[in-house]
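The values are calculated or read from the model by the stated rules, or taken from the named source; none is laboratory data. It should be emphasised that the depicted structure is a prediction, and the values quoted were computed from it without experimental measurement. Methodologically, a virtual Cβ is constructed for each residue, glycine included, from the backbone with ideal geometry; neighbour enumeration extends over all protein chains shown.
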């Protein structure tokens, strides 16, 4: 039932990563959840992890500046209400009126998710569909990750770089994608920063238009980790941008996540 919940969960994690509220009415039928699902699962290729608790709550995990998996501090994304014969059912925690279901399977400490249905409509299988069994405090090898949604479409660039000098963070992403992303933000600590003034967000479509933030189309960068010892910085971002050719076209960058060595 949880066949590729991993893919599923990754995509849903990119879609609903900002949820953190608790709901006293959510089900807590521990006996209805497959115990094999309970625990932390991690995908090293995309630096994405999930934690599934015995009451069916699913949360994204994160990796700190030293490369250790951390759990328990991220918002709930999905609640699984029942698992039967490799199938799972549940609901989206943000929009609790949206029912979810899919398939899952195990092989050599790997959890794989396949189909995903929302309100009985089949959705595309997410890019991330496999996780390895992990644990909190496990150290993983990584040095960079970035993902986002461009006008609702998943964005997983293969080339990522960053600099952080004298309070100016610049990170860029491109490769095997429909365009290149660039963000510059003036920041000297963790916190939320507006993409206004000299702080900018931009996206250039391959062989197409360049979009940039301006006084009418803005956004934010939230810095969660700023580790100057290990030279690692991570956080989230989102912004709207307008075509620089003056024709008024806009683009929306949402659910952005990054973690880079600088």
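Quick check on residue 194: is it exposed (fewer than 15 other Cβ atoms within 10 Å of the Cβ), farther than 19 Å from residue 43 by Cβ and modelled with pLDDT of 90 or more? Yes.
Suppose we keep only residues that are at pLDDT 75 or above and touching a helix residue (DSSP H, G or I) at 6+ places or on another chain (Cβ under 8 Å) within the stretch 124-143. Which one would you say is nearest to residue 62 (Cα to Cα)? Ranking the qualifying residues of the stretch 124-143, first place goes to 131. In the condition set (1) buried (at least 17 other Cβ atoms within 10 Å of the Cβ); (2) on the phi < 0 side of the Ramachandran plot; (3) assigned to a strand (DSSP E or B), residue 255 is compliant with all but (2).
On the stretch given as the stretch 229-252, residues that are over 20 Å from residue 187 (Cα atoms) and crowded, with 23+ Cβ neighbours inside 10 Å total 1.
Return yes when residue 147 is on the phi < 0 side of the Ramachandran plot, at pLDDT below 90 and touching a helix residue (DSSP H, G or I) at 6+ places or on another chain (Cβ under 8 Å) and no when it is not. In short, yes. Of all residues in the stretch 29-87, those that are modelled with pLDDT under 75 and over 14 Å from the mean Cα position of the chain (by Cα) total 9. A count restricted to the stretch 98-123 and to residues that are out of contact with any strand residue (DSSP E or B) (no Cβ under 8 Å at 6 or more places or on another chain) and in a loop (DSSP other than H, G, I, E, B) stands at 1.
Assess whether residue 225 counts as being within 30 Å of residue 38 (Cβ to Cβ), in contact with a strand residue (DSSP E or B) (Cβ under 6 Å, 6 or more places away or on another chain) and surrounded by fewer than 18 Cβ atoms within 10 Å (Cβ to Cβ).
Working: within 30 Å of residue 38 (Cβ to Cβ): yes; in contact with a strand residue (DSSP E or B) (Cβ under 6 Å, 6 or more places away or on another chain): yes; surrounded by fewer than 18 Cβ atoms within 10 Å (Cβ to Cβ): yes.
It is true that residue 225 is within 30 Å of residue 38 (Cβ to Cβ), in contact with a strand residue (DSSP E or B) (Cβ under 6 Å, 6 or more places away or on another chain) and surrounded by fewer than 18 Cβ atoms within 10 Å (Cβ to Cβ).
Within the stretch 201-216, restricting attention to residues that are within 24 Å of the chain's Cα centre (by Cα) and assigned to a strand (DSSP E or B), which residue is surrounded by the most Cβ atoms within 10 Å (Cβ to Cβ)? The selected residue is 211. Scan the stretch 185-200 residue by residue and report those that are in contact (Cβ under 8 Å) with a residue 24 or more places away in the chain and under 12 Å from residue 237 (Cα atoms). Those that are in contact (Cβ under 8 Å) with a residue 24 or more places away in the chain and under 12 Å from residue 237 (Cα atoms): 185, 191, 192, 193, 194, 195. Among the residues of the stretch 215-237, those that are within 15 Å of residue 147 (Cα to Cα) and touching a residue at least 60 places away in the same chain (Cβ under 8 Å) comprise 233, 234, 236, 237. The condition of being modelled with pLDDT of 90 or more, closer than 24 Å to residue 60 by Cβ and not assigned by TED's automatic domain parsing to the domain that holds residue 48 holds for only one of 250, 244, 218, 254, that being 254. When the stretch 150-174 is limited to residues that are in contact (Cβ under 8 Å) with a residue 12 or more places away in the chain, over 19 Å from the mean Cα position of the chain (by Cα) and surrounded by fewer than 19 Cβ atoms within 10 Å (Cβ to Cβ), the one that is nearest to residue 254 (Cα to Cα) turns out to be 170.
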